[in-house]
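Working notes for the structure below.
Any read-out appearing in this document is the output of simple, stated calculations on the displayed coordinates, not a laboratory observation. These numbers come from a predicted model, not from an experiment. Reconstructed Cβ throughout: ideal geometry from the backbone, glycine too, with neighbour counts over all protein chains shown.
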Amino acid sequence: MDEELPKEFDLVVVGTGFTESAVAAAASRIGKTVLHVDPNDFYGSCWASFNLENFQSFLSNNIKTETNDIAYTKQIWYIPAEETDTVTETETSSTNEDDWTQTKVLKSSRKFNIDLTPKLLFSAGKLVDLLVSSNICRYAEFRAIDRISTLYGGELLNVPCSRTDVFNTKDLSIVEKRLLMKLLTSCMNFDDKSEEFAKYQDKTFLEYLKANKLTEKIIHCVMNSIAMCNERTTLNEGVEKMKSYLQSLGRYGNSPFLFPMYGCGEIPQCFCRLCAVFGGTYCLKRKVNVVSTKEDAITLQVDGHILDAKHLVVSSGSLPVGVFPSNCLAEGQQRCGNLARGVFISSTPIGNEDQNSGGGGVNVIRLIDSLDTTRGAILLQLSHYSGTCPKGLYLIHITAEAVSNDPEADLEPFAKQIFNPDLQGAPKLLFAAYFLTKRCKVCQQNQTDSTKLVPRLLSTCGPFFEIDYDSSIQNAKNMFEKIYPNESFLPRAPDPEEIIIGDEDPVALAEHTLAEDLKAQMHELEDSMESMDVGESDGQVGVDT
């Protein structure tokens with residue numbers, strides 16, 4: 001670390017995950033001095049993306065310390081290491097019909113971008129609005145997802161996204177299409193005081209759907225692929241989820257969802273770039289220890305360097321041992337983490353060729369535990385068009401709330417539905433990895449001795465179980481507003497051409513630059529004329545300059 005590093009900062013942020021990076025960017029944007037450090041040698045923390053080899057190394061090495069956000073990992077290859085190798089009977093499956101080997105897959109390691117925390121963005125959601133309003137969107141690119149699917153009656157169905165899809169789909173009858181369109185229209189015009197909805201205010205969303213005499217297939221599609229809710233979801237909550245879906249249709253294409261090219265690990269880095277543009281200082285592979293607390297600052301030790309910070313924001317996995325943040329959650333608040341994660345590589349996509357037009361792109365499926373219908377999982381299938389895997393291979397993510405310390409067991413009810421050989425178009429599995437995203441320390445504790453709390457120290461939450469980033473954005477805003485209650489959270493950043501240095505008039509500056517260029521050209525012309533051998537014998541005269 002540079003010896004000239006300032007001894008005081010307005011804000012020190014530890015961890016480069018989504019929430020921490022958003023707080024750092026917001027503080028830097030309003031002119032605060034920010035030091036952003038990470039004990040890891042990569043950006044993103046538990047929101048990062050890795051190539052395949054680094055992903056395997058991360059899972060193998062990251063579980064050795066209790067302070068990390070990832071735990072209980074397992075990796076399985078379903079193909080031989082080399083062409084001459086064989087696998088044991090327990091590892092053998094129909095996937096071995098391919099000519100893929102571990103060596104062949106690993107040769108394309110750098111073409112993988114494997115997310116620890118994969119998510120989608122509603123096209124009209126909070127993150128898209130924030131990226132646009134803050135002008136951070138210039139640092140990333142996105143693609144609309146290609147299709148939304150659901151498993152119904154042992155078959156994979158494409159769920160229509162728009163009015164055109166509804167009338168073109170072959171999976172619904174004419175009567176079902178009309179019923180679905182009527183429901184979508186009603187939800188878009190939702191008013192809880194209207195006669196249609198008022199009598200269902202104490203009912204669940206499922207009860208409302210059944211009362212409208214919708215078919216079982218439509219109810220399944222609405223609950224699992226549009227509202228993405230369960231049988232306990234209230235009417236108001238279910239309709240709001242429907243509206244979020246419907247309001248995002250047509251904004252950036254036919255789909256309501258966007259996916260960041262090259263993986264979700266790009267999103268935290270976008271906020272880091274903005275922070276750096278406005279003066280934030282970045283240091284990776286740096287640990288932070290709290291030395292002492294004062295009335296107006298916290299004294300920190302950063303790899304031997306002592307400095308003061310007016311405020312300290314730390315990711316839960318980076319909290320120093322024995323240090324408790326001052327933002328303990330009250331009982332009953334939504335808690336982050338404890339997510340069971342599965343990452344799979346297959347040589348074929350889910351479904352048949354018609355269901356993967358354009359190479360598969362990005363597809364999403366919501367799965368339901370048949371034994372506990374209140375439990376759901378989000379599945380994302382990514383092809384090489386998403387920039388996350390090589391051509392000819394598919395990356396499949398499954399995420400669910402954990403109910404134990406065994407992520408493989410927690411995901412089994414969902415994985416067996418997709419990787420079931422009896423399913424038409426079941427993908428051929430080459431590799432699987434399981435891990436657990438742990439709950440943050442703030443969410444773990446219900447009550448903490450107030451004498452242990454460190455003032456001016458706030459801890460961010462980890463990823464929440466949600467398809468978008470809404471809860472994490474709110475977490476970042478809460479952190480920022482506690483520190484800077486009278487400031488705007490991430491106002492628009494100017495484009496480079498809009499930046500004026502000092503009080504200079506950009507028009508006058510352009511004219512000045514042009515004059516300087518002309519002057520320089522005249523000097524070059526004079527020098528070239530003086531170097532010429534001119535005399536009076538040939539009738540030429542010198543040039544009077």
Interchain or long-range residues, amide H under 5 Å from THR234's placed H: PHE205
FRET efficiency (ASP171, GLU196; Cβ distance; R0 22 Å; to 0.05) is 0.20
HN-Hα J couplings of the range 365-373 from phi, Karplus 6.51/-1.76/1.60, θ = phi - 60°, integer Hz, Gly and Pro as x? 9, 9, 10, 10, 5, 5, 8, 9, 5
How big, in percent, is the set of alpha carbon pairs in the range 381-438 lying more than 17 Å apart? 47
Cβ under 13 Å from ASP410's Cβ, ASP410 left aside: what net charge do those residues give with Lys, Arg +1 and Asp, Glu -1? -2
Could you list PHE431, PHE414 so that the one with the fewest beta carbons within 10 Å of its beta carbon is first and the one with the most is last? PHE431, PHE414
Using the Karplus curve 6.51 cos²θ - 1.76 cosθ + 1.60 with θ = phi - 60°, work out ³J(HN,Hα) for each residue of the range 262-270 in order, rounded to whole Hz, and write x for Gly and Pro. 6, x, 6, x, 6, 5, x, 5, 4
Where the centroid of each part is defined by its Cα atoms, how far is the range 245-283 from the range 285-304 in Å? 31
Where a Cα-Cα gap under 26 Å defines reach, which lysines qualify for LYS287, not counting those fewer than 8 residues away within the same chain? LYS7, LYS32, LYS64, LYS310, LYS438, LYS441, LYS452, LYS477, LYS482
Among ILE306, ILE418, ILE219, which comes first, then next, by fewest other beta-carbon atoms within 10 Å? ILE306, ILE219, ILE418
